[in-house]
1. Ser46 versus (1) open to solvent by 50 Å² or more (accessible area, probe 1.4 Å); (2) in contact with a Phe, Trp or Tyr (Cβ under 8 Å, 6 or more places away or on another chain); (3) modelled with pLDDT of 95 or more: which is the lone unmet condition?
2. Quick check on my filter: what residues within region 6-26 are open to solvent by 70 Å² or more (accessible area, probe 1.4 Å) and not aromatic (Phe, Trp, Tyr)?
3. Out of the residues in region 57-77 that are among the aliphatic types (A, V, I, L, M) and closer than 21 Å to Lys176 by Cα, which is least open to solvent (accessible area, probe 1.4 Å)?
4. Find the residue count for region 212-224, including only residues that are within 18 Å of Gly87 (Cα to Cα) and open to solvent by less than 30 Å² (accessible area, probe 1.4 Å).
5. Answer yes or no as to whether Val75 is within 21 Å of the chain's Cα centre (by Cα), under 21 Å from Phe198 (Cα atoms) and modelled with pLDDT under 90.
6. Out of everything in region 105-122 that is over 14 Å from His257 (Cβ atoms) and either among the charged types (D, E, K, R) or in contact with a strand residue (DSSP E or B) (Cβ under 8 Å, 6 or more places away or on another chain) (or both), what residue ends up being least open to solvent (accessible area, probe 1.4 Å)?
7. Take the residues of region 230-251 that are open to solvent by 40 Å² or more (accessible area, probe 1.4 Å) and not basic (Lys, Arg): which is farthest from Met170 (Cα to Cα)?
8. For region 207-227, check the following and say yes or no: at least one residue is in contact with a His (Cβ under 8 Å, 6 or more places away or on another chain) and β-branched (Val, Ile, Thr).
Amino acid sequence: MGEGERFQLGTIGALTLSVVSSVSIVICNKALMSSLRFIFATTLTSWHLLVTFCSLHVALKMRFFEHKPFEQKAVMGFGILNGISIGLLNLSLGFNSVGFYQMTKLAIIPCTVMLETLFLAKRFSKSIQFALAVLLLGVGIATITDLQLNALGSCLSLLAVITTCVAQIMTNTIQKKFKVSSTQLLYQSCPYQAGILFISGPFLDKSLTNLNVFTFKYTTQVTFFIVLSCLISISVNFSTFLVIGKTSPVTYQVLGHLKTCLVLTFGYVLLRDPFSWRNILGILIAMIGVILYSYYCTLENQQKATEAAAQASQAKEVESDPLLNVENGSTVATDTVGQKPQAWIEDKD
């Protein structure tokens, strides 16, 4: 099996793991928050990250991966920014309507495209842009029900979009710049993410719910679902870094909207959530967008691979063809012979 085939299998595995784990944790958290009334989302996220860090530390001790320290400022800045973006997304949901919050999530893709185009000189073809537009249209139809605007909520949403985009772009660029794996980056940034959410989580949750996480009645059922959510989060956090590292922030957002459609579908099938023809139409349009995006990405990657193979074969032909080498050598020799008499004449005069 070639290196390209192994990379493709690894990417497919990362995407599958991300979808399965994310849908699982959404169903688990829905039971925890809707049925059992544990509505402390930011605090729960900090527990997720703490459990993820502890599990990675155990894996490190068992030598499942190698610790690779790199620039501490980059790790700290990245971890803190990730924690802030999670907190801002939760605040955005708390101070806005559900419809406007969905608009905020939809805005992450065009914002990411704009930032990568402006600062990383990345180019997105017309086909990719069209596929993304179809996807966003479908998700918007399926999820956006009301749009209630307010100044504070709008500012929080704007900050949430910017920080989330920058954090996801950094997830990709840091892995490539410092040549670290997704596991190594997650292990080193987890303490900063968990720390900032662990400190701010109870205050944010109290401001949003008017309830105290420390005075909540923790029954056996609640504790079970919290532990289950934390265990699933290990896979969610790991697959997030893995997908962004192997693909791109935009692809990760496309995958996120695919997961939204799957969650809506599972909610209707398993939990009998209310469902309308608008939801069905939106999901179908979004799925068409996902399929188009996957197709165009695959097509462009194949074209790049073909061009790279052609360039590599041309380089090998130049190196192995003796006639080309002789021609190159005779050209250099002729130039040299033509220069020597001039230099000799000048010296002689």
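1. (1)
2. Residues of region 6-26 open to solvent by 70 Å² or more (accessible area, probe 1.4 Å): 6-9, 12, 16, 20.
Those that are open to solvent by 70 Å² or more (accessible area, probe 1.4 Å) and not aromatic (Phe, Trp, Tyr): Arg6, Gln8, Leu9, Ile12, Thr16, Val20.
3. Val75
4. So the answer is 1.
5. no
6. My answer is Glu116.
7. Ranking the qualifying residues of region 230-251, first place goes to Leu231.
8. no
The values are calculated or read from the model by the stated rules, or taken from the named source; none is laboratory data. A quick note: this is a predicted structure, and the numbers were derived from the prediction, not measured. Quick reminder, even Gly has a Cβ in these numbers, built from the backbone with ideal geometry, and neighbours come from all protein chains shown. Quick note on the areas: whole protein, heavy atoms, side chains included, nothing else; ligands and nucleic acids left out. Shrake-Rupley method; radii C 1.70, N 1.55, O 1.52, S 1.80 Å.
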